[in-house]
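Right, one structure below, let's go through it.
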Amino acid sequence: MITVDALPGPFVFDPRRAALVMIDMQRDFIEPGGFGATLGNDVSLLAPVVPAAVELVAWARQRGLLIVHTKECHRPDLADCPSAKRSRGLPSLRIGDAGPMGRILIDGEPGADFVAALAPQAGDIVIRKPGKGAFYATDLHGILKDHSITSLVFGGVTTEVCVQTTMREANDRGYDSLLVEEATGSYFAQFKQAAIEMIRAQGGIVGWTARLGALREA
Ligand code: TIU
């Protein structure tokens, strides 16, 4: 068993029954010209997440955790993109439009791919997801059950959108979840902090949070 010094208390898990879930570390959210930028965000705010996420993946690999990478993306024909999602806001480019990294948030386009430093390796699992939560309209739960996974360690972007949504979905499906603070990020520093605090409040109403240093020492 591994014990991580976390909040609201120790996060204890069996690495053979744990997975790292790295949420949406895609060029569309982290690099200029992608989905995040079209929504009006300063994507440079997410740059510090990349090296921390790389360290977290290496930590998980070393301990034998199953590695899962999710990517938010849609079919080229947009059949899995609700019109409400596509029409929301006043983006400079909408989902499916041609941008500098290919069609915005479309599976197979350069922008929807993972940032180079977080490319999946052989044996990793990639989940394509049309929603913010990684359990919605995907086979993630079935795959985790097939691997007898009961504990999840989370990193990725953005903290209060796809990461928090997925942690809430995981919580309702019975998983114990830990969010690693440096390995997640938001376009809004105050939202990241609020998400971290609401996840671990009330005795861990959604899950646990820890610093990367606590994992190094675990
Ligand atoms: N816009 C925003 O903050 N996030 C998303 O749209 N998706 C994810 O969080 N991956």
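Summary of values
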| quantity | calculated |
| --- | --- |
| Criterion violated by G156 - all others in (1) assigned to a strand (DSSP E or B); (2) crowded, with 19+ Cβ neighbours inside 10 Å; (3) away from the ligand (no atom under 16 Å from the Cβ); (4) not hydrophobic (A, V, I, L, M, F, W, C) satisfied | (3) |
| Criterion (on the phi < 0 side of the Ramachandran plot, more than 13 Å from the ligand (Cβ to nearest atom), crowded, with 18+ Cβ neighbours inside 10 Å and modelled with pLDDT under 95) met by exactly one of L20, L56, L93 | L93 |
| Unmet criterion (only one of (1) more than 16 Å from the ligand (Cβ to nearest atom); (2) part of a helix (DSSP H, G or I); (3) hydrophobic (A, V, I, L, M, F, W, C)) for V163 | (1) |
| Of all residues making up region 27-39, the number that are within 10 Å of the ligand (Cβ to nearest atom) and part of a loop (DSSP other than H, G, I, E, B) | 1 |
| Qualifying residue in region 83-99 (condition: more than 20 Å from G34 (Cβ to Cβ) and either in contact with a strand residue (DSSP E or B) (Cβ under 8 Å, 6 or more places away or on another chain) or not in a strand (DSSP E or B) (or both)) | yes |
| Failed condition for P120, given (1) closer than 26 Å to P32 by Cβ; (2) away from the ligand (no atom under 15 Å from the Cβ); (3) more than 15 Å from the chain's Cα centre (by Cα); (4) not acidic (D, E) | (3) |
| Hits in region 125-145 - residues which are surrounded by fewer than 16 Cβ atoms within 10 Å (Cβ to Cβ), more than 18 Å from T158 (Cβ to Cβ) and not small (G, A, S) | V126, D139, I143, K145 |
| Some residue of region 103-123 being among the acidic types (D, E), under 30 Å from Q193 (Cβ atoms) and in contact with a helix residue (DSSP H, G or I) (Cβ under 9 Å, 6 or more places away or on another chain) | yes |
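The values are calculated or read from the model by the stated rules, or taken from the named source; none is laboratory data. Since this is a predicted model, take the numbers as computed values, not measurements. In this analysis, Cβ positions are derived from the backbone assuming ideal geometry, glycine residues included, and neighbour counts consider all displayed protein chains.
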